[in-house]
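Just so it is clear, none of the values below were taken in a lab; they were calculated from the coordinates. Nothing here was measured: the structure is a model prediction, and the numbers come from that model. Neighbour counts run over all protein chains shown; Cβ positions are idealised from the backbone, glycine included.
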Amino acid sequence: MDLSPEEWLRFLLFRHEQELPQLQALNRYYEGTQPLAYLHPELLAELGEQLQQVVINWPRLIVDAVEERLDVTGFRLPDAESGDQEMWRVWKANGMAGQSQKAHVESLVMRRAFVFVGSNPADPDTPLITAESPLQVHADYDPATREERAVVKRYHDVDPLTGAVRDQLATLKLPNATHHYEFKGQAGWTEVDRDEHQLGAVPVATLANRGRLLVPGGVTELADVLPISDAACKIATDMMVGSEFHAMPRRWALGFDQDDFTDPDGKPVSVWSRLAGRIWATAKNRKDDGVEVGQFPEADLKNFHSTIELLARIAAALAALPPNYMGLSADDAASDAAIRSREARLVKRAERKCGALGDGYERTQRFVRRFQAGEWDPALLQLETLWANPATPTYAQKADAVTKLVGAGILPVEQGWEDLGYSSAQQARMRQMQADALSRSMGGDLAALLGPKPAPEPVPEPVPGG
């Protein structure tokens with residue numbers, strides 16, 4: 001679309017406003033503050049504050065189980081033996097070790113997260129990288145290339161004393177410029193600054209969860225489990241209500257009418273109070289009016305337990321979680337092979353996430369190098385993101401396997417370090433430590449010891465008659 005910056009701004013803000021309620025609803029599910037579902041409105045109105053929702057926060061469990069296996073450890077060029085130290089320096093300088101973990105959560109919960117790259121006037125060699133939330137950012141994708149063609153971030157500044165919104169700001173990123181806007185009341189959005197970077201591409205990477213060919217913005221990881229989670233919360237809440245009504249012996253009365261149920265002051269009590277059996281008072285007696293009062297035995301709540309267990313098994317199957325993650329007992333013994341078998345689908349799902357998220361991080365590093373060098377580096381088209389192993393063997397098991405492979409000559413030592421999860425910086429430090437240790441064992445300077453030897457001094461000939 002051939003739009004002016006102001007037209008792009010209005011269009012993207014409008015689209016973001018349309019999507020924002022859905023994103024906020026997904027965020028509430030992760031935070032465990034979603035409203036109670038499957039409850040009749042009249043019953044909810046009658047119970048009022050007497051009913052407190054029981055939240056079984058499976059959405060957070062499902063998201064965190066995947067996110068905990070997604071750890072970036074470095075970036076490697078195609079012909080390099082180890083991770084690129086400069087890329088890792090910029091990554092760490094921007095705090096992306098922590099920011100990337102937060103971005104993974106946002107992506108899994110709310111379909112996508114974003115990574116912004118920009119110039120750094122204070123240090124041109126260290127471009128700025130920030131992870132961004134879809135609650136503030138919206139992107140439009142080119143239907144031909146599925147790449148970002150315009151991205152907006154809307155945010156506001158808050159007065160620290162009153163908490164009121166002080167400034168409303170927006171940043172519009174286009175292929176050749178970044179525009180900064182401020183909302184000026186009746187004047188609307190007014191451009192206050194501009195960066196003409198002339199990159200030819202929007203310096204933004206989308207971290208889409210489960211992106212599809214026609215849905216480049218991704219799909220939430222919770223799409224399949226939200227109805228199951230709502231049902232579990234409803235059953236758990238019903239169980240608590242049932243404990244109030246049925247877990248204790250329930251009373252019954254014959255020969256009473258509406259006016260007979262009053263409190264000690266003679267005022268009528270609510271239906272909830274009568275049902276819960278909190279206040280019962282009447283002047284009638286069995287002899288005069290033929291009334292009769294009794295109680296039923298308490299009820300068993302196991303039907304709620306079995307229903308919640310069934311829902312937990314369904315949720316675990318949809319989310320590829322091992323049974324023990326959901327508090328369920330497994331049928332097999334807890335051996336190493338059984339544990340790996342249970343986690344096979346979860347590990348594969350995490351590996352798929354590494355591939356998709358890695359594409360976004362590699363795009364980020366290409367922009368970083370472009371800001372540093374002033375030109376695109378074709379070698380970075382083959383860049384690889386390095387991840388920690390998403391499987392969960394013990395450290396001793398991994399070390400034993402790596403030791404055997406290195407000892408048999410199948411793996412070099414450097415690959416063993418990588419398989420054990422050491423970062424690029426740690427690997428570089430270990431190489432230097434090895435070199436220093438070898439130098440000390442050889443008694444000093446390796447170059448002097450291993451270089452050309454000086455020629456021996458000639459032996460003087462004996463003097464005749466000496």
When ranked by the protection proxy of mean other Cβ atoms within 10 Å per residue, highest first, what sequence do the peptides 348-361, 23-36, 186-199, 62-75 form? 62-75, 348-361, 23-36, 186-199
Taking the alpha carbon gyration tensor of the range 174-218, what are the square roots of 5 times its eigenvalues, largest first, to the nearest whole Å? 29, 17, 7
In Å, the Kirkwood hydrodynamic radius from C-alpha pairs for the range 145-223 sits at 14.9 Å
With only alpha-carbon pairs counted, each pair once and no self-pairs, how large is the Kirkwood hydrodynamic radius of the range 395-442 in angstroms? 11.5 Å
Could you work out the Kirkwood radius for the range 342-437, taking every pair of different alpha carbons, averaging 1/r and inverting it, reported in Å? 15.9 Å
Pairs Lys173/Lys353; Lys102/Lys353; Lys102/Lys348; Lys153/Lys348: which are spaced more than 23 Å apart, C-alpha to C-alpha? Lys173/Lys353; Lys153/Lys348
Give the long-range amide H neighbours of Thr220: residues separated by 5 or more places, or on another chain, with amide H under 5 Å away, using H modelled in the peptide plane at 1.01 Å from N. Arg111
I want to verify the translational diffusion coefficient of the range 47-104 in µm²/s; compute it with Stokes-Einstein, Rh as the Kirkwood radius over Cα pairs, at 25 °C and 0.890 mPa s. 166 µm²/s
